[in-house]
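The values are calculated or read from the model by the stated rules, or taken from the named source; none is laboratory data. The structure presented is a predicted model; accordingly, all values stated were derived computationally and were not measured. So basically every Cβ, Gly included, is an ideal-geometry build from the backbone, and we count neighbours across all protein chains shown.
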Amino acid sequence: MEAVLENLGSTLELLAVSQMDFVSKWDAQTADRAFQWAAYCEHVYTRFHSNPSVRAVLEECLRLTNERLCEALPGHRPLSLSDLSQCRHRLLICLLRNPLTPYSVIKSLFDKSLLFEGDGDMKQGRETDMDLAGLIGCKSACKILGSFPLNPKGTPDSAAVTQTHVQGLMLLQRIHALQRLPGNDSYNKALLDAVLQDSGGLGHFSDVITASLLMKDSSSEHTAAQDFLLDWLQGDEGLLHSVCHSLSVEQCAKLSQQWPKFRLLYWGILKKWASSLEYDVAAGVWIQPCDSAVSFKTLVDHFMSLWSSPLKEETKKELVVLKKEEGDFDVQGLSVWTDLLIQLK
Amino acid sequence: MTALPEHQVSFWMDKAVKWGQATSHSVQLDTTRHMDSLKSFLQQLLRTLQPMSSTTEAMKSLPFVGQFLGRLCWNPYVTADGESQRLLLQCVGCLYSAEPKNAVERRANDWIRNLLCHLTSEEEGSVVHALEKHSGSIPQQYYSETLKKMVALLTEEVSKNRITKSSERCSCDDIHAVSVACVPLVTHPDAAPLIGALLKRPGSCSCSHLSEEFIEAVSAAWLRRKLVVEDDALMALWCHSLSSLERAVLSLLESVLSDQGSVLQTLEKAVTESLLPKASALHCHIFLIVNDVFRNALRAIEENLAVRALIKVFTGCFLKSRTAQKPQENLPLRAFFPHAPQNLLTPLLTAPSEVPKQAWLKHLHWIVKLFQEILCERNEREEEVKEESPRRRRAVFEAWFLLVQCGHWVDAAAELLVSVGSEESEPLLFLLTFYHHPTNRGHQSAQQTIVAREAWSHLRILFPTHTAPPEQLSPVNELLSSTLSTNLILHLLLNFAIFSQASISSVTEVIQKVLSEAGMRRRAVWMLSSMQHRLNREDSLDARVHPRLRTLQDSIGPAHAAGCT
């Protein structure tokens, strides 16, 4: 194992160097060897990443290497276990992004990885070469097919396109693959955190999460992964708030129907939003005291969506209870629940 | 170096600008419409770029090239298609300088680095990028997996729409859009299920739901052997695209007519792999169309042995496919041969292998009798009205066409002629003559029968002998060189060579002497291969026949077989 860790460390150093000006000393052979080592790292990752005890050792090795590199190379971006899984691709991108990469290195990349003869089949003895032509082809094909609406006859829904659906599916599979083996829960959670972070904000990712959670004909493995995803959402109230905020009211209602766990969380959020509203007596309207809260109109929209779903009775009952708790007034402007019920009826 | 025409350059530059990233449906449609011509233009561009000594020179003589290629790299319809992507990248590769000499070349290099970055990675800070990065597999695998899932999803959608009730909104627009998107993907193995599902979707409403470009792309990919869809998807294509079917038949015909050397030994394989016999057995109208193409080919090149061999082998493969089907799925054979005289169907469509050899002569007599009746009518009418009526002519042609389709019986007759006596030979010679000379052009039938009999008599004398004296060879030579009946005499000659009792060494000697002329050898090679096809089918095979046939084939050699007339 020690030798493995040593190799790993040196390869990560290579990866770091490829982003620096040292790379100008490389030639095509250096790059070749670097790619071979990168392929080795990918192999190490595949072999060990789902084994909690070995993973801990790998992560420790990564941590130490990162520390060392940060000291030696200012501005070094720490590398993660995910970087290990795509080491050759990372190296490629580093070389392509580095203006100091020698021309001969890029030229040889071009000749070896892009201009495969024929259909881009892997040739004997060239297993560490990447099939970039194949990658570009698949990536472009996904772009072409990704924008198809999945339910053209239903309501137009920007989230219901092939790409989002498949991303949701891939996410579930990824979660499940780790779930199958014991001791991976925190790794799994960290992975979701990392995806969220690298997505550049919740935005489209909340659509993916929704797609994951709404995945129909769920096999038991999907259900377990969906459950895990919900737990992850629950673990971070800020995140949950943002998710409910960025999803459409229809999506929230759909999720509430399918997942009792989500329904409870959603209710909690709605209650919080509602109770944060203040009544402006002069203007006769409910106003939001701060920017993070939602408007009365938005709140009505959310409830309206639940109201027109099979959850209507339940919603009504709950609102009536809340109204009673606040004095059961029928006059407007005293309790937000009273006013919501008036709007909904 | 040939310069690129100005109008072409501005046309394609204009297209590249208009297409952009191909986000609107009209642009997608336009891109797919120009896929093939774009590929030829890129090919031309590549040929222009390759001999250039430097990027500076390239930029000077083709100032548009950078912008043009760069824009195309952003169009997924161009980069998804394997061939156009390869051409595009090769062109870009030509502009990369390993040792840049000036600022222009350095800038070009930087630009190419960025282009490659764009092509191989996602923008950071996007969900696609994040999911790919943390997928735990290499990007190529991740995208391939994603693509498979998208394909599965859309396949389901496309197949589900199959049961769309007519009262609901017609889904043809959606299907059409999917088919346009699939144009660059037709040869992508991961997309095969979707391509198949699109093809198998029956046209449920009057509007044509698949884009023409899609049909064209699938059809072309099939002909280039690049298509990976299931057989029934391809057959579905033929069912709703007549031109695709015709092209498939013509391509088979062309391969037989042009590339004899290799097709010859594998004619049956080529025919089976064309899937046309299988499709014909399942869909009667496909069989009728295929045979219409054959009919026309035969009319144009009546004496071509290759076409005849193809038709015979095709019919054989068709009958085999048909037998393999469940009987309840089969239409009656009559439906497949609507124009042929119905009384001929049973005797001709029965394979010689299904009849005991002792009964062949009787079976052939029956066939001959039926043909004679048909021809008798022709001749009588001819005397009456001095000219054949078109209807009559058509009937004779159809009878003859059926004989070509079932050519095994002609071979059987030729084989029997080697051993029968003079009296029994008459009807067999008649059948052989009719097969080779169906028309009575210039009332030559009688004359041709005489020639056939004469040849037969000579061959009978020639073949039992061990060494053939030159004076006995010359009449055969003479007959062969007469343009009248070359094929007929060759047919007889080869049957004698294989089935007579003469030793193989003397036979080979005779054949080599007689078939000195290359054109004649080629014809002989075709005939032997066509005979072989029948002999391979027969179980009770004379053990000496096969080695003799092979020796003969070797002695006239496939090496001489190119270009048959």
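Brief remarks follow.
- Selected residue (criterion: surrounded by the fewest Cβ atoms within 10 Å (Cβ to Cβ)) from residues of segment B:98-116 that are within 7 Å of chain A (Cβ to nearest Cβ) and assigned to a loop (DSSP other than H, G, I, E, B): B:Glu99
- Identity of the residue in segment B:362-393, at pLDDT below 85 and of a type in the set (Lys, Arg), that ends up farthest from B:Gln532 (Cα to Cα): B:Lys386
- Condition check for B:Lys148: at pLDDT below 85, under 24 Å from A:Met170 (Cα atoms), part of a helix (DSSP H, G or I) and among the charged types (D, E, K, R): no
- Residue match in segment A:45-54 (condition: assigned to a loop (DSSP other than H, G, I, E, B) and farther than 30 Å from A:Pro182 by Cα): no
- Identity of the residue in segment A:31-67, under 18 Å from A:Val17 (Cα atoms) and without any contact (Cβ under 8 Å) to a residue 12 or more places away in the chain, that ends up farthest from the chain's Cα centre (by Cα): A:Arg33
- Candidate set from segment A:185-201 (those that are surrounded by fewer than 20 Cβ atoms within 10 Å (Cβ to Cβ) and outside any helix (DSSP H, G or I)); member that is nearest to the other protein chains (Cβ to nearest Cβ): A:Gly200
- Extreme residue, farthest from the other protein chains (Cβ to nearest Cβ), among residues of segment B:141-165 that are among the polar types (S, T, N, Q) and buried (at least 21 other Cβ atoms within 10 Å of the Cβ): B:Asn161
- Which numbered condition B:Gln43 misses (of (1) more than 14 Å from every other protein chain (Cβ to nearest Cβ); (2) surrounded by 19 or more Cβ atoms within 10 Å (Cβ to Cβ); (3) of a type in the set (S, T, N, Q)): (2)
- Some residue of segment A:184-207 being in contact with a helix residue (DSSP H, G or I) (Cβ under 7 Å, 6 or more places away or on another chain) and basic (Lys, Arg): yes
- Within segment A:306-345, the set of residues being among the β-branched types (Val, Ile, Thr) and either in contact (Cβ under 8 Å) with a residue 40 or more places away in the chain or not assigned by TED's automatic domain parsing to the domain that holds A:Trp273 (or both) comprises just one member, A:Val336.
- Of all residues in segment A:275-306 being polar (S, T, N, Q) and assigned to a loop (DSSP other than H, G, I, E, B), the one that is nearest to A:Leu233 (Cα to Cα): A:Ser292
- Residues in segment A:249-274 that are aromatic (Phe, Trp, Tyr) and not in a loop (DSSP other than H, G, I, E, B): A:Phe262, A:Tyr266, A:Trp267, A:Trp273.
- Filter result for B:Leu89 (crowded, with 17+ Cβ neighbours inside 10 Å and more than 8 Å from chain A (Cβ to nearest Cβ)): no
- Selection within segment B:49-73: residues that are modelled with pLDDT of 95 or more and within 14 Å of chain A (Cβ to nearest Cβ). The member of this set that is farthest from A:Phe110 (Cα to Cα) is B:Leu72.
- Counting only helices (runs of 4 or more DSSP H) wholly contained in segment B:1-93, the ones carrying 2 or more residues that are small (Gly, Ala, Ser) and under 16 Å from B:Ala217 (Cβ atoms) occupy B:35-49.
- Residue satisfying all of: in segment A:125-165; more than 7 Å from every other protein chain (Cβ to nearest Cβ) and not in a loop (DSSP other than H, G, I, E, B); modelled with the lowest pLDDT among these: A:Pro149
- Check on B:Ser219, touching a Lys or Arg at 6+ places or on another chain (Cβ under 8 Å) and either at pLDDT below 85 or in the same structural domain as B:Gln28 (by TED's automatic domain parsing) (or both): no
- Only one of the listed residues (A:Tyr266, A:Tyr279) is in contact with a Phe, Trp or Tyr (Cβ under 6 Å, 6 or more places away or on another chain) and aromatic (Phe, Trp, Tyr). That residue is A:Tyr279.
- The sole residue among B:Leu131, B:Leu119 that is in contact with a Cys (Cβ under 8 Å, 6 or more places away or on another chain), at the interface with another protein chain (Cβ under 9 Å from one of its Cβ atoms) and at pLDDT 90 or above is B:Leu119.
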